[in-house]
1. Within region 59-87, which residues are part of a helix (DSSP H, G or I) and either farther than 22 Å from ASN125 by Cβ or without any contact (Cβ under 8 Å) to a residue 40 or more places away in the chain (or both)?
2. In region 66-87, which residue that is of a type in the set (D, E, K, R) and either buried (at least 16 other Cβ atoms within 10 Å of the Cβ) or in contact with a helix residue (DSSP H, G or I) (Cβ under 9 Å, 6 or more places away or on another chain) (or both) is farthest from CYS99 (Cα to Cα)?
3. Do we find a residue being surrounded by fewer than 12 Cβ atoms within 10 Å (Cβ to Cβ) and assigned to a helix (DSSP H, G or I) anywhere in region 88-100?
4. If you take the residues of region 101-125 that are exposed (fewer than 15 other Cβ atoms within 10 Å of the Cβ) and in contact (Cβ under 8 Å) with a residue 24 or more places away in the chain, which of them is nearest to the chain's Cα centre (by Cα)?
Amino acid sequence: MKKYRLVFVLSILFLGVIKLTASEYEQVRKAPRVHVPVWQSFALSEVELTDSYFKKAMDLHKGYLLSLDVDRLIPHVRRSVGLQGKGDNYGGWEKHGGCTYGHYMSACAMMYASTGEKALLDKLNYEEFYKLKYCSTVVYMVPRA
């Protein structure tokens, strides 16, 4: 009989603990949920690299972007609107004309956002490219016989 009484008392205690846990769960479940973002976006201009491996890598990439000649990236665009190319392209992937100029513009835009260097903005505002854009609009608007 003592054995059954012990089992009964332990069962009551166990159910009480479960009920307590369940009531705490209900309180937490009914609490208002507040969304706290794990991350937040930020502008590239808000990040400043100090003298480190990353700063050296960024400077190396910036130098490479500034070393490229835009006229050599877009000769196929000039030829497509009937103009003479100002020079040969870089070869390789660009041998038959490609999309490197678009990638180049994106890289210059991000680097300009990071550094604020005017030379990169000048590369982005390349006047000749806007002339070509106008020429391509005119060429495609003229009906072909």
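1. Passing the criteria: ASP59, LEU60, GLY63, TYR64, SER67, ARG72, LEU73, PRO75, HIS76, ARG79.
2. So, considering only residues that are of a type in the set (D, E, K, R) and either buried (at least 16 other Cβ atoms within 10 Å of the Cβ) or in contact with a helix residue (DSSP H, G or I) (Cβ under 9 Å, 6 or more places away or on another chain) (or both), the one farthest from CYS99 (Cα to Cα) is LYS86.
3. yes
4. Filtering first and then ranking leaves MET110.
Quick note: the coordinates plus some simple rules give every number you see, no bench work behind them. Because the structure is a prediction, the values reported are computed rather than measured. Cβ atoms come from the backbone with ideal geometry, glycine included; neighbour counts cover every protein chain shown.
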